[in-house]
Amino acid sequence: MEDHVERVVKTKVKKGVTKAFKIFFAIIAAIVFVFLFGYLIMWLWNWLMPDIFGLTKITYWQAVGILALAKILFGSFGGHHSKSKSKSRRKWKAGDCRGARNDFSEWKYYDSYWKEEGENAYREYVERKKREEQ
């Protein structure tokens, strides 16, 4: 019984340490993201905008502010999908595609059909349209 309790405690401690490490890593990654992208935005702005549009150069913190403003105005920078998109993807993966054609066994006849009947049908269609226009 003590072995079982010891294993349960070790497992819970291990999971707790893993979660703490993930949270710590996420915080560090967010800080690095802000510093790198803030510097990148500042560098790009100061390289392009004064010459192209005659704007003034910006500081690092102004670049971070622009990054935050872009995040607020335009939403996520990737990785997140809307609920409707993910729902439609799940349906597609589940095979619930009522309108999709999944039978490609007859596809091999497509080229020969177009050569034999399709070209003639198209010519007839074009002639009919020309007559309607006159």
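The values are calculated or read from the model by the stated rules, or taken from the named source; none is laboratory data. What you are looking at is a predicted structure, and each value in this text was computed from that prediction instead of being measured. So basically every Cβ, Gly included, is an ideal-geometry build from the backbone, and we count neighbours across all protein chains shown.
Residue check: is I27 under 26 Å from the mean Cα position of the chain (by Cα), exposed (fewer than 11 other Cβ atoms within 10 Å of the Cβ), of a type outside the set (K, R) and modelled with pLDDT of 90 or more?
yes
What pairs come out if I take residues in segment 52-71 that are in the same structural domain as L36 (by TED's automatic domain parsing) and exposed (fewer than 15 other Cβ atoms within 10 Å of the Cβ) and pair them with residues that are in a helix (DSSP H, G or I) and polar (S, T, N, Q) whose C-beta lies under 8 Å away, six or more apart or interchain?
Listed by first residue and then by second, the contacts come to K57/N46.
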